1. State whether the residues of the stretch 14-24 include one that is β-branched (Val, Ile, Thr) and touching a Leu at 6+ places or on another chain (Cβ under 9 Å).
2. For the stretch 275-305, name all the residues that are within 11 Å of the ligand (Cβ to nearest atom) and without any contact (Cβ under 8 Å) to a residue 60 or more places away in the chain.
3. Quick one: which residue in 277, 287, 308 is of a type in the set (Gly, Ala, Ser), out of contact with any Gly (no Cβ under 6 Å at 6 or more places or on another chain), within 16 Å of residue 230 (Cβ to Cβ) and in the same structural domain as residue 171 (by TED's automatic domain parsing)?
4. Among the numbered conditions (1) more than 55 Å from the chain's Cα centre (by Cα); (2) in the same structural domain as residue 243 (by TED's automatic domain parsing), tell me where residue 107 comes up short.
5. So how many residues does the stretch 206-222 have that are open to solvent by 50 Å² or more (accessible area, probe 1.4 Å) and either at pLDDT 95 or above or of a type in the set (Gly, Ala, Ser) (or both)?
6. What about residue 94, is it within 15 Å of the chain's Cα centre (by Cα) and of a type in the set (A, V, I, L, M, F, W, C)?
7. Are any residues in the stretch 72-103 over 19 Å from residue 10 (Cβ atoms) and open to solvent by less than 80 Å² (accessible area, probe 1.4 Å), and if so, which ones?
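The values are calculated or read from the model by the stated rules, or taken from the named source; none is laboratory data. In this text, all values refer to a predicted model and were calculated from it rather than measured experimentally. Counting neighbours? That spans all protein chains shown, and the Cβs are built from the backbone with ideal geometry, glycine included. Just so you know, the surface numbers come from the protein's heavy atoms only, side chains and all, with ligands and any DNA or RNA stripped out. Shrake-Rupley method; radii C 1.70, N 1.55, O 1.52, S 1.80 Å.
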Amino acid sequence: MEELKKQIKADADAVKDTVALTQFKAKYNGKKGAVTGLFSTLKDAVDKKETGRQINELKVYVETLFAEKETELLDIKKTEELKGMDITLPAYDVATGTLHPLTKVMDEIKSIFTRMGFSIEEGPEIEKDYYNFTALNFQPEHPARDMHDTFHINDEYLLRTHTSPIQVRTMEKYAPPLKVLAPGRVYRRDAIDASHSTVFHQVEGFMVDTDIRFSDLKGVLDLFLKEIFGSDLKTRFRPSFFPFTEPSAEVDVQCVHCRGKGCNMCKRTGWLEILGAGMIHPNVLRAVRIDPEKYSGFAFGVGVERIAILKYQVDDMRLFFENDLRFLKQF
Ligand code: DAH
């Protein structure tokens, strides 16, 4: 057995690659291996217990040498691989990308409103005519429907032209008090130019409770516009019309470029039109079985591209959708 042990050691030392390593193990511990074979001689041994122990020791010895050699070969392989490679060279830059400017503006709007306690709701882009128009108090033949150049799918479905339908869907699902922000993509059958796209983004916001007034709307929007454009800019509300709000207003902010003095960007008026808003029309509340005698609410809708254009002073909306990295990397 001493002889065999020496032989095992010598064989292990001679191993130079993984093939030889496998052969080494098979030669001793394999099915027909020399050590394995010894076990069958046990029945003739004088001291069975002691002989058994010794054979077992040999078996473990083979396993140990095998494991040692395996590690050694692996180390050699790694060293070989590193040869001819300059590990002091700096690594290649990993291109991590950046957030799209519209995503950034969207995130910022969401963050301002969630800090004010608004929660986020979404709705489908393929929408029912009922939610997009009828429930929002657009009468069947009302010309206001024509103001939204709509992609119709069939008599019942269309691509939503605004995020206002999410008001209706949310009020159907939850009872007031509600304080909700509804961001999303919208579609209009418009000719594409520097300020029009068939696909764009809006954020709808609304609040419904027993005691919501126009002054709440003014407070919330004034804070929002100051947060997003700068706290030194004034806001103003002008009377307007939307079927789903009464009274309705269009909200302007002092020009972010000339700060109210008058320039090309604001067409010398000193003001920029930013969003539409108003008190939710009683008919909209009735459509979702909320009692307009008991509850009131305000709503507003903001165009995300419009905010991004003004905030980053981009002069062509198409840049947001062309995916030119030279443009996108600036944000
Ligand atoms: N949905 C309107 C649009 O896309 C924007 C709007 C105006 C939303 C007034 C409102 C609102 O909630 O009160 O033209």
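1. First pass over the stretch 14-24, keeping only residues β-branched (Val, Ile, Thr): 15, 18-19, 22.
Among the residues that remain, those that are also touching a Leu at 6+ places or on another chain (Cβ under 9 Å) are: 15, 18.
Yes: the stretch 14-24 contains one or more residues that are β-branched (Val, Ile, Thr) and touching a Leu at 6+ places or on another chain (Cβ under 9 Å).
2. The answer is 275, 276.
3. When all the criteria are applied, what remains is 308.
4. (1)
5. 7
6. No: the conditions fail for residue 94.
7. 97, 100, 101, 102, 103
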